[in-house]
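Asks: Please read through the structure below; I'll follow up with questions.
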Amino acid sequence: MNQQPTSVVSTRNYHIDNIKGILIFLVVCGHLLSYLQDMNSTFAIGVRTFIYFFHMPGFLFMSGYLAKGFLKKEYKGEKLLSYAWLYLLFKNAIDLVHFIFRRPYFDENRHTMELILIVGLFCLGIWLLSQLYSRFALFRNGFILLVVGFSLLKTDFLTVGAAPWYLMALIWFHIFVYLTRNMQPGYVLAVAVLLAALINYQDNVGKFLTLSRAVNFLPFFLAGFYIPRERFEKIVSHPKWKPVLSILFLLSALLITWQGRAIKKWLGVFFFGVSPYSKLLKLGEWYYHMAPLTCILWIIGTAILLFGLFSLCPRRKTFLAQLGKNTIGIYVLHRLFKDFLIYGGFYDILSRNEYLAVAEVLLVSLLLAVIFGMDFWAKTMNKLTVVHAKWIYQKNEPQK
């Protein structure tokens, strides 16, 4: 969810911003629909299955696409440390929200004014923390030591099952492209696809250091990283391919949503990327042995879906471009507010009609994306995620 630099004269690629905007909106939708899915809403399961079929591969493709300059930048360690720092902040913030609300008092009482007060204080706390962190080096260093020390005390700080997994995966992806920088991209991508197809035969990989998901989604990051910008633009704007890809995407959306429950049953292990293939044995031993081939076919199908989506995204500046420009604030903050909504009883007041309930969740998802996509939140989060590590690269220089 990389941020692009801004300047006085706008040089932004609005097509890329729009793509990122629709993808981050789908991330919010997927997370908010998860609880509605738990209520056994068939339509919610279908919509969420469609979203999860391709939205994280899409985000990782764009992350790779926007990381093309990584090998040319001097301070690579600084970038990786920033991802690691944001991972620790994000994971601890989720734990803090759960700690606040998983009290007997909140299990038995739901008072709207108290929830509003807690949300307000939480937002104020994030803003105040960003100001102190960015302005005072002593506070920044002390806060970093506090967060790192507290994280090390927890037994699960390297077990990544929730939203922060993406940040941990980005660290692995950037290390991988650095280690393979002198190899032929085609061979590296082929090996990555093979690894993705085989990794989940190992039951013990799972959520530790998000290795399962990292390997599972690695081909998409590499595809975005390796594809030349000219070829990408040619594919998504080709006068013959564009309508074909767009129609395939729309037809797939209808089919996957309609058959969401069945598709999740047969393919969920692939597009969630965290479950071992041993879970496929209940579908038949033959399917367990065919899992690598199925995974490769899913990767190919997802790639076609993604380019259909990319072809449909507008190239002019839209409200989606604002979301795409400021994905980091949306990514972190919406996940925290999902828990606020759960504990506040949001899902209890949704319509009993599953179609209306999904529409209401989509509307709230859009509202959260728009709010947290504001420049105010982007600047706040950017201040909190800066980690200086230039000392790693400092060389011994003669005294002047």
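Asks: Per residue, how large is the accessible surface of the chain? Use a 1.4 angstrom probe and give square angstrom. Please report the intermediate quantities before stating the final value.
Replies: On the way: 20300 Å² over 400 residues.
Accessible area per residue, the chain: 51 Å².
Asks: I need the Debye-formula profile for the chain: one equal scatterer per C-alpha, no solvent, reported as log10 I(q)/I(0) at q = 0.06, 0.10 1/Å, two decimals.
Replies: Cα-only, vacuum Debye calculation for the chain: -0.25, -0.71.
Asks: Lys and Arg at +1, Asp and Glu at -1: add these up for the other residues within a Cβ distance under 13 Å of V269 and post the number.
Replies: Here the count lands on +4.
Asks: Using the basic label-point model (7 angstrom from Cα toward the beta carbon), what is the K72 to K240 distance in nanometres?
Replies: 3.3 nm
Asks: Roll a 1.4 angstrom probe over the protein heavy atoms and tell me the percent of accessible area of the chain that is carbon or sulfur.
Replies: Looking at the chain in its full context, I get 67 percent from C and S.
Asks: What pairs from K265/K379; K234/K317; K20/K72; K154/K325; K154/K338; K73/K264 go past 29 Å between their alpha carbons?
Replies: On the way: K265/K379 41 Å; K234/K317 20 Å; K20/K72 23 Å; K154/K325 34 Å; K154/K338 23 Å; K73/K264 41 Å.
Over 29 Å Cα-Cα: K265/K379; K154/K325; K73/K264.
Asks: Next up: Apply 1/(1 + (r/R0)^6) to the Cβ-Cβ distance of F157 and T42, taking R0 = 35 Å, and write down the FRET efficiency to the nearest 0.05. Kindly include the intermediate steps, with their values, before the conclusion.
Replies: On the way: r = 37 Å, r/R0 = 1.06.
Efficiency, rounded to the nearest 0.05: 0.40.
Asks: Could you give the DSSP H helices of the chain that reach 15 angstrom or more along their long axis (alpha carbon positions) and whose average Kyte-Doolittle hydropathy is no lower than -1.0?
Replies: Details: long enough: 14-38 (36 Å, 0.89); 42-65 (35 Å, 1.00); 76-101 (38 Å, 0.69); 112-135 (35 Å, 1.45); 137-153 (24 Å, 1.91); 165-179 (21 Å, 1.75); 185-198 (20 Å, 2.26); 211-226 (22 Å, 1.14); 241-258 (26 Å, 1.72); 291-312 (31 Å, 2.14); 327-343 (24 Å, 0.94); 354-372 (27 Å, 2.27).
Qualifying helices: 14-38, 42-65, 76-101, 112-135, 137-153, 165-179, 185-198, 211-226, 241-258, 291-312, 327-343, 354-372.
Asks: Using Cα centres only, tell me the gap between region 147-210 and region 218-296 in whole Å.
Replies: 20 Å
Asks: Springs between alpha-carbon atoms under 10 Å, Gaussian network over the chain: tell me which of K242, K20, K234 tops the mean-square fluctuations.
Replies: Looking only at K242, K20, K234, the biggest GNM fluctuation is shown by K234.
Asks: Between G125, G30, G46, find the one with the highest GNM mean-square fluctuation for the chain; connect C-alpha pairs within less than 10 Å.
Replies: Maximum among the listed residues: G125.
Asks: Would you please give the FRET efficiency between Y355 and R261, computed as 1/(1 + (r/R0)^6) with r the Cβ-Cβ distance and R0 = 22 Å, to the nearest 0.05? Don't skip to the end; give the middle numbers.
Replies: Working: r = 16 Å, r/R0 = 0.72.
After rounding to 0.05, the efficiency reads 0.90.
Asks: Continuing with this model, one more query. With a cut-off of 8 Å between alpha carbons and a minimum separation of six or more residues, what is the relative contact order of the chain in percent?
Replies: Once normalised by length, the contact order is 38 percent.
The values are calculated or read from the model by the stated rules, or taken from the named source; none is laboratory data. In this text the structure is predicted, and so the values were computed from the model without any measurement. Cβ atoms come from the backbone with ideal geometry, glycine included; neighbour counts cover every protein chain shown. With ligands, DNA and RNA removed, areas are computed over all heavy atoms of the protein, side chains included. Shrake-Rupley method; radii C 1.70, N 1.55, O 1.52, S 1.80 Å.
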